[in-house]
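Worksheet: the structure to be examined is printed underneath.
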Amino acid sequence: MATFNSGFKAKDITGGFYLNGRYSRNLVDGEASAVITADGHISVGAWNQDVRMSPAVIAVRQNLHLIVASGKQEPDLNINAGGAWGSASNQLQYTWRSGLGTDIHGNLIYVAGDGLTLETLANALVQSGAIQGMELDIHYGQVNFSSWTPRGNLALPTQLLPSMPKSPSRYLASDQRDFFYLTVK
């Protein structure tokens, strides 16, 4: 159904990654986490506060701290005191940004755009109905979302925004960055 970019490089975050019983790095309490369970459900929340490990969890991707919690934009995104959302040079500039959230019904929300700050990204998630939200990857060439439409025996990709710089079929081949893919069960 869709493919989209994941989060920052591991060297730029403290959080971890878990997939099918294996950790590439330990998961960190309080970090923003996208959690996928065996039934295909995706949740977004702070690790060991809103979301946690269970036998049903098959994947966890962490990236910095939540930018939306309890339906509200987190305070101080415009100053990023203490670097909770990465370096100030990255988080305060206007650039391509993407975010992932969930609404009150558990629906997944992806937002992206060019010329966004961390604060405007969080605001877009809130306006989209997210009650929990996290920043994903940022910068030109790293933000990419494609939906896939069946056409006979083929599936054709369409980018969320025509101005996204990479190919809509980017994640059908090896890529230097990790990514999410959504399928129909």
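Exactly one condition in (1) within 17 Å of Leu100 (Cβ to Cβ); (2) of a type in the set (Gly, Ala, Ser); (3) within 15 Å of the chain's Cα centre (by Cα) is false for Gly71; which is it?
(3) is the only condition that Gly71 fails.
Can you name the residue in region 75-94 that is under 16 Å from the mean Cα position of the chain (by Cα) and not hydrophobic (A, V, I, L, M, F, W, C) and is also nearest to Thr117 (Cα to Cα) among such residues?
Among residues in region 75-94 that are under 16 Å from the mean Cα position of the chain (by Cα) and not hydrophobic (A, V, I, L, M, F, W, C), the one nearest to Thr117 (Cα to Cα) is Gln91.
Quick check on Ser43: is it among the polar types (S, T, N, Q), modelled with pLDDT of 95 or more, buried (at least 19 other Cβ atoms within 10 Å of the Cβ) and under 16 Å from Ser6 (Cβ atoms)?
No.
Need pairs with beta-carbon distance below 6 Å; first residue under 27 Å from Trp96 (Cα atoms) and within region 144-155, second hydroxyl-bearing (Ser, Thr, Tyr) and assigned to a strand (DSSP E or B); sequence gap 6+ or separate chains.
Matching pairs, first to second residue: Phe145/Tyr110; Ser146/Thr3; Ser147/Thr158.
Say we look at region 138-174 and pick out the residues that are more than 25 Å from Trp85 (Cβ to Cβ) and of a type in the set (Val, Ile, Thr); which of these is surrounded by the fewest Cβ atoms within 10 Å (Cβ to Cβ)?
Result: Thr149.
Got a sec? Which of Arg25, Arg61 is more than 17 Å from the chain's Cα centre (by Cα) and charged (D, E, K, R)?
Arg25
So for region 61-70 (the condition being in contact with a helix residue (DSSP H, G or I) (Cβ under 6 Å, 6 or more places away or on another chain) and in contact (Cβ under 8 Å) with a residue 60 or more places away in the chain), does at least one residue qualify?
Yes.
What are the residues in region 71-112 that are touching a residue at least 40 places away in the same chain (Cβ under 8 Å), of a type outside the set (Gly, Ala, Ser) and more than 26 Å from Thr3 (Cβ to Cβ), if any?
Lys72, Gln73, Glu74, Leu77, Asn78 - these are the residues of region 71-112 that are touching a residue at least 40 places away in the same chain (Cβ under 8 Å), of a type outside the set (Gly, Ala, Ser) and more than 26 Å from Thr3 (Cβ to Cβ).
Please work out which residue is nearest to the chain's Cα centre (by Cα), limiting yourself to region 105-142 and to residues that are of a type in the set (Ser, Thr, Tyr) and within 20 Å of Phe179 (Cβ to Cβ).
Tyr110
Could you list, in sequence order, the residues of region 65-92 that are at pLDDT below 95 and hydrophobic (A, V, I, L, M, F, W, C)?
Leu77, Ile79, Ala81, Ala84, Trp85, Ala88, Leu92
Only one residue in Ser33, Ser24 is of a type outside the set (A, V, I, L, M, F, W, C), outside any loop (DSSP other than H, G, I, E, B), in contact with a Phe, Trp or Tyr (Cβ under 8 Å, 6 or more places away or on another chain) and without any contact (Cβ under 8 Å) to a residue 24 or more places away in the chain, so which one is that?
Answer to the selection: Ser24.
The values are calculated or read from the model by the stated rules, or taken from the named source; none is laboratory data. Fair warning: this is a prediction, and the values are worked out from it, not measured in the lab. All Cβ positions, even for glycine, are placed from backbone atoms using ideal geometry, and neighbour counts span all protein chains on display.
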